[in-house]
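Just below is one structure, and these are the notes that go with it.
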Amino acid sequence: MEAIAEGQRRVAQLYFDDGSVEWACPPLKALLHVMVHGQWEGMDENHPDFRAMFTREAMLSSQWYADLS
């Protein structure tokens, strides 16, 4: 299990290395931060606010989505 988690962390780190993490949609960006740094804005993957980012409503109301329109 640790080898799988480490492999995922290394892959997530590539998004930071090339800067593409900045282009990711909000929930993916947050997830990449958690995978590499263990937290996103003080939240881990179990925090209710972090988990709420993965709803349809949260995506459609995000500034990231509005900028695509």
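The values are calculated or read from the model by the stated rules, or taken from the named source; none is laboratory data. Since the model is a prediction, treat every value here as computed from it, not as a measurement. Using ideal geometry, Cβ is built from the backbone for each residue, glycine included, and neighbour counts are taken over all protein chains shown. Note: areas computed on protein heavy atoms with side chains; ligands, DNA, RNA excluded. Shrake-Rupley method; radii C 1.70, N 1.55, O 1.52, S 1.80 Å.
List of remarks:
- The set of residues in the range 6-30 being closer than 26 Å to A52 by Cβ and open to solvent by less than 60 Å² (accessible area, probe 1.4 Å) consists of A12, Q13, F16, S20, V21, A24, C25, P26, P27, K29, A30.
- Selection status of V36, in contact (Cβ under 8 Å) with a residue 24 or more places away in the chain and open to solvent by less than 40 Å² (accessible area, probe 1.4 Å): yes
- Considering E45, E6, the condition of being over 10 Å from the mean Cα position of the chain (by Cα) and among the acidic types (D, E) is satisfied by E6 alone.
- Of the residues making up the range 34-55, those that are part of a helix (DSSP H, G or I) and either of a type in the set (F, W, Y) or over 19 Å from E6 (Cβ atoms) (or both) number 5.
One line per residue, one yes/no per condition, for (1) among the hydrophobic types (A, V, I, L, M, F, W, C); (2) part of a loop (DSSP other than H, G, I, E, B); (3) in contact with a strand residue (DSSP E or B) (Cβ under 9 Å, 6 or more places away or on another chain):
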site: E6; (1), (2), (3): no, no, no
site: R10; (1), (2), (3): no, no, no
site: Y15; (1), (2), (3): no, no, no
site: K29; (1), (2), (3): no, no, yes
site: L32; (1), (2), (3): yes, no, yes
site: E57; (1), (2), (3): no, no, no
site: D67; (1), (2), (3): no, no, no
